[in-house]
Amino acid sequence: MGMTTHRQVPEMDSDRERFEALYRKYYDEILYFVTRRTDPQTARDVTAETFLAAWRRLATLQGSKERAWLYVTARNMLTNEYRGQGRRARLDQRLQSQPRIDAGDPADRVTDELHARQLFDRLPPKDREALALTEWEQLDVVTAARVAGCSPATFRVRLHRARRRLAAAHERSLSESAEPDAPAQGAVSLQLAEEALS
């Protein structure tokens, strides 16, 4: 057992050194590539995600192809970011264009929207990631699993559990509310949560 530990430590150090060299060599180049196509904050986020993906795939990255791989990955992540922004913009438009449930206090609508977001935010981080990758980013299971750093089989289980937990969170929200109009508000909240994931 001790021998295995001694072998693993140099390998880990070697991986870290290789990644740090990759990062130093290409970070500015990839950041510049992405910055020319989006705003500075998004460019930094996309570049960071690109190198996170590189770290996860380090064992399979071939030295002669790593530069091209970084460019392709950055481009793909930027495309996914654009899609996500488009979906969020369309969701905002749908939320704003939906007819009001009644002519009551405008604060009721805000409350419903906040409640729908809370249903999603109450989920564990891995559940939120699984739902966001497949529903918001529209990634297939294999690609989403790669992004999440797990096998497709594991990701399918994670996604199934995330969907069940979202439904359970909705049911709990109905039972926890004591207001007489709780069922109506719960229905609106679930609808908004489903739209957020469509």
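The values are calculated or read from the model by the stated rules, or taken from the named source; none is laboratory data. Bear in mind that the values here come from a model prediction, so they are computed numbers and not experimental data. Cβ coordinates were reconstructed from backbone atoms using ideal geometry, including for glycine residues, and neighbour counts include every protein chain displayed.
Output the qualifying pairs, or none if there are none: Cβ atoms under 7 angstrom, residues six or more apart or on different chains, first residue in the range 53-74 and surrounded by 18 or more Cβ atoms within 10 Å (Cβ to Cβ) and hydroxyl-bearing (S, T, Y), second residue modelled with pLDDT of 85 or more and part of a helix (DSSP H, G or I).
Close Cβ pairs satisfying both conditions: T73/T50; T73/A53.
If you scan the range 134-173, which residues turn out to be surrounded by 19 or more Cβ atoms within 10 Å (Cβ to Cβ) and among the polar types (S, T, N, Q)?
Correct list: T134, S173.
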